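Visitor: This is the structure I have questions about; it appears just below.
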Amino acid sequence: MKRLIYIMIGIGMQLSATAQDSLTIDQCRAMAVEHNRQLQQAREQREKSGYEVMAMKANFLPKLDFQAFDLLNTTSGSIGMPSAPLPIYSYNSQMGQFLPSVLTDASGNVTGLSQYAEFPAMTVKYKMPNLFNASLSLVQPIYMGGKIDAGYTMTKIGQRISDENIRMTESEVIVSVEEAYALAVKASEMVDVAKSYRHLLQELLKTVESAVRHGMRTRNDLMKVQVKLNQAQLSVTRANNAYDLARMNLCQVIGLPLSSPLLIARPDITSALVEEVMSASDDSLQVLSRPEYAILNEKAELARQQLRLTRSDYLPHLAAFASGGYTNGGKVTVDATSSLAGTQRMYDRTLIDQFSGCVGVTFSMPIFHFGERRGKIRSAKSSVRMAEIELADKREKMTLELAQARNTLCEQLTALEIARLSVEQATENLRLSRSAYDSGMETLSDHLEAQSLWQSALADEIDARTQLIVALGKWRKAAGK
C-alpha cells in the first residue's frame, strides 16, 4: 500500500513539476515571433510600403531634372549668290534728295548705270559636325485632378494593411506555436503516464510472482500481468517516439535545431481563464479588432481611392515648368568673290553658342474618348461594391467563427473539469482495488481493469488540457486578442 502511495505521489510530481530552466509557452511565443520566416517577410513588406509612401509623397513637390546630349552628324550644305552691280547715289541739290547715277535716252528711260559698285558673289556654307546641349528642367504639378492625393492615400492604406498583416501573421504564428507546445507537453506527460503505468505493472508482477511461488496464485494470473506489462512497454516506446516528433516540431516552429533538447514547462490553467472568456464583450464587437477585418476594411477604402484615381485621368491637369540650358554646335562660313579682291572669307563662326531659358504652364483636359471614361469608372465602382460586399460577408463569417471558438473553449473547460474529477475517482478506485486485491477480495482481472482505467483517466486529463490550450489560442485569435 505504501508503495502505491509513493507511486501516486511521484506521478503527481512528474505531471506538475516545472524546472527553473524549463521552456515556457511565453518564451516559445517570443522565439517563434522572432524567427518565423513569414513574419520576417511581413516585416519586409512593411518596410517596402513605407518606402512607397515616401516615393508617392515626393509627387507633391517640384521635380528637377538634368539632361544633356551631344549629336554628331554629317549634315552640311551651301547657298550661293551671284555678283551684281550696285548703283551709286549722288545728292541732287535741286531736288533735295539722293538719286542713282544712271544713263537715260531721249525719252528719259534708264538704259544703264553711269556709276556703279560691284557686289561680289557670295557663298554661304554651313555644317553641323557637332551639337551639344545641357539643360535643367523644373516641373511643379498644380492640379492633377486628385491623382497625386489619391495615390498618396492609397500608399498610406497599403502601409496600414502591412501593419495589420504583421498582426495577422503574428496571431497565426502564436496559434501554431501554442498548438506545437501543447502537443509537446502532452507527449512529454504521456511518456510519464506510460512509465508510471509500466511501473505499476512491474510492482504487480513482483507481487503475483511471489504469490505464485507460494501457491496462492496460478500461472494464468502471472501470464495476464506479463501480457499487460509487454503492452505497457510498447506504449512507453510509442510515447517516447511521439515525444521526439513533438519536440522536433516545436523546435522547427520556434527556430531551434531539430536535435535541440528541450525541457518543457507545463502551462498553468487557472480560473482566470474562465473569467476572461465569460467577461468578453459581444462577439460582433470583438470581430472589429481582428486584423483580418481591418485588412478587409482597408481594402474597401483602397477600392474607393482607386475610383478617385480613375476619375482623375479624365479631369483637367495643370502644371508649371521652367527650363534653362546651354547649346553649342554648328558652323557657318561666308566667302565673297569679286573681280578686284578675289575670294575672301567674310564670316566664320559657330552657329549656336548661348544660354537660354523659358517658363510656362501646361494644361490638358480629356474631351471625348468614345466611352472609355464611362467604362473605367463603372468598373472601379463595381470594385468598390465588391469590396464592401466581401467585408460584410467576412464579418458575418468571423462572427460565426468567434462564436464557434467560444463554444469550443467552453466545452474544453468543462471537459477538463470532468477529466480532473475522473482522475481523482480513478485514483481512489485504484487505491481501493489494490487494497481489495491484496486482501483477496478482488480478482486480478478487476485490478488490472482498475489500473487501465486509471491510466486512461490520466491520458484523458492530459488530452483535455492540451485541447484547452489549443482552443484558447484559437479563441484569442478569433477575438483579435
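Visitor: Which of (1) open to solvent by less than 50 Å² (accessible area, probe 1.4 Å); (2) within 22 Å of residue 467 (Cβ to Cβ) is the odd one out, the single condition residue 225 does not satisfy?
Guide: For residue 225, the failing item is (2).
Visitor: Tell me which of these residue 111 doesn't satisfy, since it passes every other one: (1) touching a Leu at 6+ places or on another chain (Cβ under 6 Å); (2) at pLDDT 75 or above; (3) of a type outside the set (Lys, Arg); (4) open to solvent by 90 Å² or more (accessible area, probe 1.4 Å).
Guide: Every listed condition holds for residue 111 apart from (2).
Visitor: Counting just the residues of segment 247-264 that are on the phi < 0 side of the Ramachandran plot and in a loop (DSSP other than H, G, I, E, B), which one comes out nearest to the chain's Cα centre (by Cα)?
Guide: 256
Visitor: Can you find, within segment 127-181, the residue that is surrounded by the fewest Cβ atoms within 10 Å (Cβ to Cβ) among those that are among the aliphatic types (A, V, I, L, M) and assigned to a strand (DSSP E or B)?
Guide: 142
Visitor: Given the criterion more than 30 Å from residue 148 (Cβ to Cβ) and either open to solvent by less than 60 Å² (accessible area, probe 1.4 Å) or at pLDDT below 90 (or both), identify the matching residue among 312, 284.
Guide: Among 312, 284, only 284 is more than 30 Å from residue 148 (Cβ to Cβ) and either open to solvent by less than 60 Å² (accessible area, probe 1.4 Å) or at pLDDT below 90 (or both).
Here is a yes/no grid of residues against (1) under 23 Å from residue 32 (Cβ atoms); (2) open to solvent by 40 Å² or more (accessible area, probe 1.4 Å):
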{"position": "184", "(1), (2)": "yes, no"}
{"position": "208", "(1), (2)": "no, no"}
{"position": "217", "(1), (2)": "no, yes"}
{"position": "233", "(1), (2)": "no, yes"}
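Visitor: I want to confirm something. Restricting to segment 343-356 and keeping residues that are of a type outside the set (Lys, Arg) and either open to solvent by 100 Å² or more (accessible area, probe 1.4 Å) or at positive phi (or both), which single residue is farthest from the chain's Cα centre (by Cα)?
Guide: 346
Visitor: Picking from 329, 324, which residue would you name as being modelled with pLDDT of 90 or more, over 29 Å from residue 168 (Cβ atoms) and over 31 Å from the mean Cα position of the chain (by Cα)?
Guide: Exactly one residue qualifies, and that residue is 324.
Visitor: Looking only at segment 379-396, how many residues end up being within 30 Å of residue 315 (Cβ to Cβ) and open to solvent by 40 Å² or more (accessible area, probe 1.4 Å)?
Guide: 9
Visitor: Still on this structure, please answer the following. Is segment 397-413 home to any residue that is of a type in the set (A, V, I, L, M, F, W, C), buried (at least 16 other Cβ atoms within 10 Å of the Cβ) and closer than 24 Å to residue 193 by Cα?
Guide: yes
Visitor: Would you mind stating whether residue 417 is without any contact (Cβ under 8 Å) to a residue 40 or more places away in the chain, open to solvent by less than 50 Å² (accessible area, probe 1.4 Å) and either charged (D, E, K, R) or in contact with a Pro (Cβ under 9 Å, 6 or more places away or on another chain) (or both)?
Guide: Against the criterion (without any contact (Cβ under 8 Å) to a residue 40 or more places away in the chain, open to solvent by less than 50 Å² (accessible area, probe 1.4 Å) and either charged (D, E, K, R) or in contact with a Pro (Cβ under 9 Å, 6 or more places away or on another chain) (or both)), residue 417 does not qualify.
Visitor: Okay, next question. Within segment 357-378, track down each residue that is touching a residue at least 12 places away in the same chain (Cβ under 8 Å) and either open to solvent by less than 70 Å² (accessible area, probe 1.4 Å) or assigned to a strand (DSSP E or B) (or both).
Guide: 357, 358, 359, 360, 361, 362, 363, 364, 366, 377
Visitor: Mind listing whichever residues of segment 428-442 are hydroxyl-bearing (Ser, Thr, Tyr) and crowded, with 16+ Cβ neighbours inside 10 Å?
Guide: 433, 437
Visitor: Within segment 28-85, restricting attention to residues that are closer than 30 Å to residue 321 by Cβ and basic (Lys, Arg), which residue is least open to solvent (accessible area, probe 1.4 Å)?
Guide: 63
Visitor: I would also like to ask the following. Can you pull out every residue in segment 443-458 that is of a type outside the set (Asp, Glu) and surrounded by fewer than 18 Cβ atoms within 10 Å (Cβ to Cβ)?
Guide: 443, 445, 452, 453, 456
The values are calculated or read from the model by the stated rules, or taken from the named source; none is laboratory data. Computed from a predicted model, the values in this text were never measured in an experiment. Heads up, the Cβs are rebuilt from the backbone with ideal geometry, glycines too, and the neighbour counts pull from every protein chain shown. Side chains included, ligands, DNA and RNA excluded: accessible areas come from the protein's heavy atoms. Shrake-Rupley method; radii C 1.70, N 1.55, O 1.52, S 1.80 Å.
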